[in-house]
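To keep things clear, I will list the structure first and then write my remarks on it.
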Amino acid sequence: MAEFVPVPSFDLVVFGASGDLALRKLFPSLFHRFKDGQIPIDSRIVGVARQALTRDAFRKSVSDGFVNLAKGDASSPEFQAFLDLIDYVALDATRADGPWDLLVQSLAGGKDKVRVFYLSTPPSVFGGICAQLRDAGLVSPLSRVVLEKPLGRDLASAKAINDAVAEVFSEDRVYRIDHYLGKETVQNLLVLRFANALFEPVWSRAAIDHVQITVAETIGVGSRGDYYDKSGAMRDMVQNHLLQLLCLVAMEPPNSVDADAIRTEKIKVLQALVPIGPNDVAAHSVRGQYREGLVESEPVKGYLEELGPGRTSSTETYVALKAEIANWRWSGVPFYLRTGKRLPSRRSEIVVTFRPPPHSLFDQGGEPNQLVMRLQPDEGMEMWLQIKEPGPGGLRVKSVPLDLSYETAFTLRYPDAYERLLMDVVRGNLSLFMRKDEVEAAWAWVDQVIAAWDATSSHPHPYTAGSDGPLQAALLMDRDGRKWRDLI
Ligand code: BG6
């Protein structure tokens, strides 16, 4: 049975409150936890954005966002009660001469409450907003700040942001969000690995042949073209989500589930990633960019047309990488990562492929065991085993999965990743947030791959929307005698 333990009453200020993330994810997530009884009625939520809106107009946009973007039903009395918690302050948070006193008024009497500042804004203004908060006297002893990704666009900018934020908030009050860590199935990775004795003895180069991590999306870049074109799949997805998944698969058992115990183990993995330089970038990476095609039977535009008429771009919408981890546990075990937009299906999964038996007794079979962790959709896991196919006709070996589907096993509403993460900020639990050095280590590795691409003047390979990505990605595996798991 899911249990909702109420959090203490809090004040939450969302900067960038009229943006897509806030309306699509943050407010709907807060509503769900409010409805579940986890958020006390005297909590306050203040939206901050530049638009000159009244409080009622802003509440209406939260309501419309819930209906149109999050596909929710805003007609319930609970939703109206939730809207009552919400205030709005029109403010350009990067400017000292804005009406900061309005925000001060809105938070009056809340010095003894947990106060969360959620920066759902471009990272270039994180430092500036923190400084304004301090100067306006808004940073109370119980204040904490949440930073949305991307945290910069390379190591240098990430460091500059971290340093600017650190002038106002100590590291234990900085919550760097990677929403993948809030997904139920991603948290389950820790439980699967460390609450079952079965896996640890085989969780290494001794028994594992390779690991595949896939985050495939059907969506294109849509209206986010301006942001995305400066970022690309490497910065948008690999630097954070895929590397976090890799860390959770590869890290050593932490001493406890304390935030720092987990984060210390994750950073060791990032530091052990073998650099991919100009000499090996061609053999270890593939970039792609989608062209028009059919996704789920619907015709869709190519990336360049989505950007706008006459646009050119060498930004990648697909990346495949062969990553290697230089430590005792993983030496010689490749971790293949791939992510892309406009692929044939939405599918995030981790596939651990074990080595084949040392000696084959049977004529058929010989398929390696695989553990497939399905992160989304259809959350669950499969353990592929060889069995004797029943019935006459000789001893026939067949590969079949032991299949656990969460939907069948548990009947609960699947919470959005942001729900858990927002409540963890209020509770002061940093386990599912990234530490400064972790983000920087991830950028250090990603930066040199991007530098190697630049140094070799290579360009993304075109792929048809709705296909599995560029052919070169299949060849990257084929050269090693391996194959990606099918996307459909
Ligand atoms: C975001 C990226 O962090 O994750 C998006 O910026 C991407 O480009 C999204 O679409 C994917 O998240 P999810 O939860 O839908 O897998």
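Report, please, the projected area of the stretch 120-172 averaged over directions, based on the convex hull of its C-alpha atoms, in nm².
Taking the Cα atoms of the stretch 120-172, their convex hull projects to 3.5 nm² on average.
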- Task: Can you find, among F34, A197, G109, the residue farthest towards the positive end of the dipole of the chain? Put +1 on the C-beta of Lys and Arg, -1 on that of Asp and Glu.
- Result: A197
- Task: Measure up K268/K436; K111/K159; K35/K149; K149/K266; K60/K183; K71/K266 against 25 Å on the Cα-Cα distance and list the ones that go over.
- Result: K111/K159; K35/K149; K60/K183; K71/K266
- Note on the structure: Of the candidates L151, T54, L430, the farthest towards the positive dipole end of the chain (Lys/Arg Cβ +1, Asp/Glu Cβ -1, centred on the Cα centre) is L151
- Task: With a Förster radius of 51 Å, plug the Cβ-Cβ distance of N68 and D258 into 1/(1 + (r/R0)^6) and report the FRET value to the nearest 0.05.
- Result: 0.80
- For the residues T312, T214, T317, what sequence is obtained by ranking on other C-beta atoms within 10 Å, fewest first? T312, T214, T317
- Item | the stretch 423-470 - Rg over Rh from alpha carbon coordinates, Kirkwood radius | 1.25
- Note on the structure: Quick calc, the chain, dipole around Cα centre from Cβ unit charges on Lys, Arg (+) and Asp, Glu (-), nearest 20 debye, gives 260
- Take the stretch 327-373, drop everything but the C-alpha atoms, weight them equally and run the Debye formula without solvent; then report log10 I(q)/I(0) at 0.19, 0.23, 0.32 Å⁻¹ to two decimals. -0.85, -0.98, -1.23
- Under the 7 Å Cα-to-Cβ spin-label approximation, A444 and D163 lie apart by a distance in nanometres of 1.6
- Query: Along its principal axes, what span do the Cα atoms of the chain show, with the longest given first and each in whole Å?
  - Reply: 78, 54, 45
- Message: Give me the dipole magnitude in Debye, nearest 20, for the stretch 103-149 about the Cα centre, with unit charges on the beta carbon: positive for Lys and Arg, negative for Asp and Glu.
- Response: 120
- Query: Against the longest principal axis of the chain, how steep is helix 155-166, in degrees 0 to 90 to the nearest 10, with axes from Cα atoms?
  - Reply: 40
- Between the alpha-carbon centers of the stretch 76-126 and the stretch 18-51, tell me the distance in whole angstrom. 11
- Mind checking the angle between helix 55-68 and the chain's longest principal axis? C-alpha axes, 0 to 90 degrees, to the nearest 10. 20
- Query: Counting DSSP beta bridges with both partners in the chain, what percentage is antiparallel, nearest 5?
  - Reply: 55
- Message: Can you tell me the length gained on complete extension of the stretch K388 to S345, counting 0.36 nm per residue apart and subtracting the Cα distance?
- Response: 12.3 nm
- Please give the FRET efficiency for S360 paired with R205, using the beta carbon to beta carbon distance and R0 = 30 Å, rounded to the nearest 0.05. 0.90
- Query: Using the count of nearby Cβ atoms within 10 Å as a rough guide to exposure, how do L475, L432, L304, L343 rank from fewest to most?
  - Reply: L475, L304, L432, L343
- Query: Quick one: E379, E167, fewest Cβ neighbours within 10 Å first, how do they rank?
  - Reply: E167, E379
- How big is the charge dipole of the stretch 355-460 about its Cα centre, in debye rounded to the nearest 20, if each Lys and Arg gets +1 on its Cβ and each Asp and Glu gets -1 on its Cβ? 360
- Message: Give me the three principal axis extents of the stretch 46-139 from the C-alpha atoms, as integers in angstrom, largest value leading.
- Response: 40, 30, 22
- Helix 259-272 axis, angle to the chain major axis (alpha carbon atoms, nearest 10°): 50
- Task: Between the alpha-carbon centers of the stretch 397-433 and the stretch 152-226, tell me the distance in whole angstrom.
- Result: 15
- Say R0 is 22 Å: what FRET efficiency, to the nearest 0.05, do D480 and N279 get from their beta-carbon distance? 0.80
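Values quoted throughout were computed directly from the atomic coordinates according to the rules given, and no laboratory measurement underlies them. Just so we're clear, the structure is a prediction, and the values are computed from it rather than from any experiment. Ideal geometry is used to build each Cβ from the backbone, glycine not excepted, and the neighbour counts take in all protein chains shown.
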